[in-house]
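Remarks on the structure that follows.
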Amino acid sequence: MQIGGGVGIAGHLTIADDVVVTGVSLVSASIKHAGSYSSVMPAVETRCGGRMVARLRRLDAKER
């Protein structure tokens, strides 16, 4: 496992072998498959940030 600088990892998670987490990412759920992971979003007001993430997740679900 390789973890870049400034990465935040929530407690009590499982992270698979051969995982790379790029710098300034936030790991908030277990990572079950090997690969490279990253997530960086600019800071916005909290009430706006939640809506942005919800919209992004819905976009990803439509591709499946």
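For this structure, a couple of remarks:
- Of residues in region 1-32 being of a type in the set (Ser, Thr, Tyr) and open to solvent by 60 Å² or more (accessible area, probe 1.4 Å), the one farthest from residue 53 (Cα to Cα): 14
- Residue in region 47-62 that is in a loop (DSSP other than H, G, I, E, B) and not hydrophobic (A, V, I, L, M, F, W, C) present: no
- Residue match in region 46-55 (condition: touching a residue at least 12 places away in the same chain (Cβ under 8 Å) and open to solvent by 90 Å² or more (accessible area, probe 1.4 Å)): no
- Count of region 35-45 residues, restricted to those that are surrounded by 12 or more Cβ atoms within 10 Å (Cβ to Cβ) and either part of a strand (DSSP E or B) or aliphatic (A, V, I, L, M) (or both), is 1.
The values are calculated or read from the model by the stated rules, or taken from the named source; none is laboratory data. For clarity, every value in this text was computed on a predicted model and none was experimentally measured. Methodologically, a virtual Cβ is constructed for each residue, glycine included, from the backbone with ideal geometry; neighbour enumeration extends over all protein chains shown. Accessible surface areas use protein heavy atoms only, side chains included; no ligands, DNA or RNA. Shrake-Rupley method; radii C 1.70, N 1.55, O 1.52, S 1.80 Å.
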